[in-house]
Amino acid sequence: MPTATSHVVTQLHRAISRIILGKEEAIQLALITLLARGHLLIEDVPGVGKTTLAQAIAKSFHCSFQRIQFTSDLLPSDVLGVSIYNPEAREFEFRSGPIFANVVLADEINRTTPRTQSALLEAMNEAQVTVDGKTLPLPQPFLVIATQNPVEHHGTYPLPESQLDRFLMRIKMGYPSIETEREILRKRASADPLTTLDQIADVDDVLAMQEAVGHIKVDTSLLDYALEIVNRTRTTEHLTLGVSPRGTLMLQRAAQARAYLDGRDYCLPDDFKQLAVAVFAHRVVASSRHASAKKKSESTESVLREIVDSVPVPL
């Protein structure tokens, strides 16, 4: 990996770490998602830094940024845009919605209706939207960072499997330690740290890094390793829905991005093993018998960990 590019990656990680304290793993997974051309779903209770992480990533490189606050009355046109008649020109003019940005923060995505949630499907999968029969490309790079509160909270609409499958990975922030929370209180006593975050990279830097990630070497034995994990998710009695082919591809891209962040031009088995749960957990569905004693997300993660641990790691 070129030294200059390696420096950019290091600087991005350090800059975001100064804003999001004590969450090194979450930051790493978020950067992996960006470099792998994926989209990120952050699920956790309110107030643990989901939105702050999304804003920090957007501010760390010079790009267009839009935040969409999802509510129960939000319409698809509020996301995609709308055609408005211009009486002077005697024609309809399209006014783009907030989806036309490099980084889109879909805040509390599960508080809006399934109809509006589905407006993101084409954008996330194909980096384009179709409005009034016209297909319009989205800016590149294009990253959706969605936050959601757990479905146990009132007033939420669980995301359907087809929507979840568009996210490269789902992560959780978790509560900070006492020491970290003390530091957060100290740093935010006088000002918001986001206002001091420098822009480390620009759009061209990110596009170059994304291109480089695609050239990271993946040995055939590692592909077989990943496919064996995927196959076991499809055959185990503990899951009623296994990982899709899209999920397999997403794991490979994530593994390549992890290797890139680590300064390597080749993947290791650990790149696949460490990312499998984060990439797969939201794509599978636990059987009712296995999920009865646990929360749905916890049960799928435990099943996946058992599967990953049971598959022999290639030498």
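Rule-based calculations on the coordinates, nothing more; no lab input. Keep in mind it's a predicted model, so treat the numbers as computed, not measured. For neighbour counting, all protein chains shown are included, and Cβ atoms are generated from backbone atoms with ideal geometry for every residue, glycine included.
Can you pick out the pairs among Lys50/Lys134; Lys50/Lys217; Lys187/Lys273; Lys23/Lys273; Lys59/Lys273; Lys59/Lys134 whose Cα atoms lie more than 28 Å from each other? From Lys50/Lys134; Lys50/Lys217; Lys187/Lys273; Lys23/Lys273; Lys59/Lys273; Lys59/Lys134, over 28 Å: Lys50/Lys134; Lys50/Lys217; Lys187/Lys273; Lys59/Lys273; Lys59/Lys134. Using the Cβ of Ile68 as centre and a radius below 10 Å, the other residues enclosed give a net charge of -2, where K and R count +1 and D and E count -1.
Comparing Cα centroids, segment 98-161 and segment 175-242 end up 19 angstrom apart. Note on Ser190/Ser64: beta-carbon distance plugged into 1/(1 + (r/R0)^6) with R0 of 30 Å gives a FRET efficiency of 0.50.
Per-residue Cβ neighbour counts within 10 Å put Cys63, Cys267 in the sequence Cys63, Cys267, beginning with the fewest.
Over all orientations, segment 1-131 has a Cα convex hull whose mean projected area works out to 10.4 square nanometres. Compared with the alpha-carbon gap, the fully stretched path from Asp198 to Thr130 is longer by 21.0 nm at 0.36 nm per residue.
Before anything else, pin down the relative contact order of segment 86-146: Cα pairs under 8 Å, at least 6 apart, normalised by residue count, whole percent.
On the way: 54 pairs, mean separation 25.7, N = 61.
About 42 percent, as a whole number.
Farthest towards the positive end of the charge dipole of the chain, among the residues Pro269, Gln69, Ser287, is the Cα of Ser287, using unit charges on the Cβ of Lys, Arg, Asp and Glu. Modelled label positions at Asn86 and Thr220, each set 7 Å beyond Cα in the direction of Cβ, lie 5.8 nm from each other. Sparsely packed loop sites in segment 1-109 (the GluC sites (Glu not before Pro) outside DSSP H, G, I, E and B with at most 10 other Cβ atoms within 10 Å) comprise Glu88.
Relative contact order for the chain: 21 percent, from Cα pairs under 8 Å spaced at least 6 residues apart, divided by residue count. With 10 Å bins beginning at zero, the pair-distance distribution over Cα atoms of the chain amounts to 6, 25, 33, 26, 9, 2, 0 %.
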